[in-house]
Amino acid sequence: MSMIPIDVMADTTRIDAGPHGTEAATPAPAPTPADWRMLAVALTATFMASFDLFVVNVATEALRADLRASDAALELIVSGYAFAYAAGLITGGRLGDRFGYRRVFVTGMAAFTVTSLLCGLAQGPGELVAARMAQGLSAAVMVPQVLSLVTARFPAAHRGRATGWNGAVSGLGSIAGQLLGGVLLQADVFGLGWRAVFLVNVPVGVPAALAAWRLLPAGLSGPRRQFDVLGALGITAALALLLIPLSLGREAGWPVWTWVCLAATVPVAWATWRWQRTLRARGGEPVLNPALFRNRPYLTLVAGLGSFQLYFGAYMFTIALLLQAGLGASPLVAGAVFVPQAVTFTLGSLLSGRLAARHGVRWPMIGAGTLVTGLVLMAAQLTASGADTAAASLVPALLLIGLGNGLLMPPIIGTALTKVDSTVAGSASGMVNTVQQGASSLGVALLGLLFFTASGAGLHDSPAGMTAVCVVSVGLVAVAAGLMRAARERR
């Protein structure tokens, strides 16, 4: 299942004066073959970023065995990428506006390739965590340029098709991450083991960077606004102060520094918020536009998205551990089990718009009901059969979970962006992206802590850990659906 890319571009055509003073709609010029070649190259970034967001889930047990990675290290290997990705997205977009989309895209692609190589060469958990965070920052540099290039080169009336391809490639990347990751681990290519899931980016990234330099148009950039360095650092610091102690605290015995970091989260977040308001009052461009926090329907939907992503990030992490560590599935089987879930997610995404139009405020309950049914079914199966549960027997529950995710995730993002004025659309989409990735990494830390605690030493009772995650996830999904419905009822 993919993280849905954000597109806030209007679909318009040019209006020209017709005969006798009347106005006639003139169809926008169609994209040229060069535009489509440009898009094909740019979409390699979308695919690679989505691939690496999910591929590591099927490699967790291999990492534990080969690197002797602790539970906390596994959480940081998974969530560190999403955390760095979230922290750098807005910065990445601003860099493209300032220095040109092609230059920043190629730089990001080259950095992503190098950091993928560093991930594959890591000799210990600490090195891999650092390389994964650098990889997430690299993804945050290259990915925002994709939709920026689409905006700059594709006529408005044709952008829907281009962004549709962006979404499809993102979904394909998530499926490939789960399935191809399992294949690479099972085949043990050149004896590389888990390293192959990172090194596979190198033969893709090098030609992609070279092709991008040749085929992406030079000179395209956006408005060169002053970048809010303090705001970006403040948001990153607040997320780090919350995420790192939650990931490391349990195994370290909750030393004093973990509580100091957690306590410092509130004043750092408050100081960052005060700076955002001050900068806005001075006429500057803050990372988080304070005007958005006065938009109650938008803020309600973003809170709902955060609740959903807390569940979603943790679920994708813990289900992979359950399948391999708890149920003894091979990486290939674990990857294959994810595929039906991804298929129903895609189906749900396609149906969600139609259901929203037909059922109005009731549609969040339809998606949430489907998702909750799947989570309850999984919890019941694991409670009844425990470690004797066959991985394949979970497929019916996974089908429902995938469908429910598809019915909930895309509409909440799309609806949130309809609640804002076009003058703040960029800030609104940046906040949505940041909340999406940030809440996902926080979910891994919080519900990962619950999973490891309930599973016991060595994950000997991971079905119990997954059951606990399912129970909490039901509550998070209910909160998300309730907030979505409340926001849709507001005018």
- Which whole-Hz couplings ³J(HN,Hα) result when phi for each residue of the range 326-337 is put into the Karplus expression 6.51 cos²θ - 1.76 cosθ + 1.60, θ = phi - 60°, listed in order with x for Gly and Pro? x, 9, x, 6, 6, x, 5, 5, 4, x, 5, 5
- Message: If each residue of separation counts as 0.36 nm, what is the full-extension length gain between VAL376 and ALA392 once their alpha-carbon separation is subtracted?
- Response: 4.1 nm
- Spin-label pair THR383/ASP66, simplified geometry with 7 Å Cα→Cβ offset, distance in nm: 3.8 nm
- Message: Taking the square root of 5 times each eigenvalue of the Cα gyration tensor, what semi-axes in Å does the equivalent ellipsoid of the range 31-186 have, largest first?
- Response: 31, 17, 11
- Item | FRET efficiency for ALA478 and ARG214, using Cβ-Cβ distance with R0 set to 60 Å, rounded to 0.05 | 0.75
- Message: Rounded to two decimal places and with Rh computed the Kirkwood way over Cα pairs, what is Rg over Rh for the range 428-468?
- Response: 1.24
- Task: Quick one: grab the alpha carbon gyration tensor of the range 246-336, order the square roots of its eigenvalues as a ≥ b ≥ c, and give me rounded if a/c is under 1.5, else prolate or oblate depending on whether a/b is larger than b/c.
- Result: oblate
- Could you pull the Rg and Dmax for the range 165-309, using just the Cα atoms, both in Å? 21.6, 59
- Note on the structure: Square roots of five times the C-alpha gyration tensor eigenvalues of the range 99-253, ordered largest first and given in whole Å, equal 30, 24, 15
- How high is the FRET efficiency between THR278 and PHE99 when r is their beta carbon distance and R₀ equals 35 Å, given to the nearest 0.05? 0.85
- the chain - Rg over Rh from alpha carbon coordinates, Kirkwood radius: 0.96
- Relative packing of peptides 198-208, 446-456 - highest average C-beta neighbours within 10 Å first: 446-456, 198-208
- On the formula 1/(1 + (r/R0)^6), with r taken between the Cβ atoms of ALA263 and THR453 and R0 of 22 Å, the FRET efficiency rounded to 0.05 is 0.50
- As a check on your grasp of the helix formula, calculate [θ] at 222 nm for the chain: sum -39500 (n - 2.57) over DSSP H runs of n ≥ 4, divide by the residue count, round to the nearest 500. -26000 deg cm²/dmol
- What is the extension gain from PHE293 to GLN226, computed as 0.36 nm multiplied by their sequence separation minus the C-alpha to C-alpha distance, in nm to one decimal? 22.0 nm
- Working with all protein chains in place, sort SER440, SER70 by solvent-accessible area computed with a 1.4 Å probe, largest first. SER70, SER440
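The values are calculated or read from the model by the stated rules, or taken from the named source; none is laboratory data. Note that the structure is a prediction, hence the values are computed from the model and not measured. Don't worry about glycine lacking a Cβ; one is built from the backbone with ideal geometry, like all the others, and counts go over all protein chains shown. Just so you know, the surface numbers come from the protein's heavy atoms only, side chains and all, with ligands and any DNA or RNA stripped out. Shrake-Rupley method; radii C 1.70, N 1.55, O 1.52, S 1.80 Å.
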